[in-house]
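Data block below; observations after.
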Amino acid sequence: MEEKIKEKFNQVAKRVANEFGVVIHLAEINGKRWSYIGGDDIPEELAFDTHCLKISDSIGTIVYGWSNLDKKREKDLLSYCQQELIDL
């Protein structure tokens, strides 16, 4: 992953973890296929609580701990990720 993209994603992921209490991984979307690009380790208790959050046609995040979010927080997370990651 390009260093600038990695640095930006790491900043976003850290804020998401602190503010939303979930872990995100960056993924490239190619049709129906989501390919892992980057992200930190996943706490064991969140490993099977996932949701694919589409940011754009080509970028998404895999959210670990999705069930910890209510509907408003889900929308807030999507909005924040779109603001910060749409240009990656």
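Derivation of every value follows stated rules applied to the coordinates shown; laboratory data play no part. Values in this document were obtained by computation on a predicted structure and should not be read as measured data. Note: ideal-geometry Cβ built from the backbone for every residue, glycine included; neighbour counts use all protein chains shown.
Short to long, the 10 Å bins of the Cα pair-distance histogram for region 3-85 hold 19, 57, 24, 0 percent of all pairs. Using a ≥ b ≥ c from the Cα gyration tensor of region 1-42 (square roots of the eigenvalues), is it rounded, prolate or oblate, where a/c under 1.5 gives rounded and otherwise the larger of a/b and b/c decides, a/b for prolate? Oblate, because a/c is 1.5 or more while a/b does not exceed b/c.
Can you give me the relative contact order of the chain as a percent, contacts being Cα pairs under 8 Å and 6 or more apart? All intermediate terms of the calculation are to be shown ahead of the outcome.
Working: 118 pairs, mean separation 24.6, N = 88.
The normalised contact order for the chain reaches 28 percent.
A simple count of charges around residue 68, restricted to other residues whose Cβ falls under 11 Å of its Cβ and scoring Lys, Arg +1 and Asp, Glu -1, yields -3. Here the sum of -39500 (n - 2.57) over DSSP H runs of 4 or more residues, divided by the residues of the chain, equals -12500 deg cm²/dmol at 222 nm, to the nearest 500. Considering only 59, 37, 24, the Gaussian network model of the chain with Cα springs below 10 Å gives its largest mean-square fluctuation to 37.
How tilted is helix 71-85 with respect to the longest principal axis of the chain? Cα atoms for both, answer in degrees (0 to 90, nearest 10). Tilt relative to the chain: about 20 degrees. Within a straight-line Cα-Cα reach of under 20 Å, residue 75 can be paired with the following aspartates and glutamates, leaving aside sequence neighbours fewer than 8 residues apart in one chain: 19, 49, 57, 84, 87. Pairs from the list 8/32; 32/71; 32/54 with a Cα-Cα gap above 23 Å: 8/32; 32/71. The H on the amide N of residue 37, modeled in the peptide plane, is under 5 Å from the matching H of 26, 27, 28, each at least 5 residues off or on a different chain.
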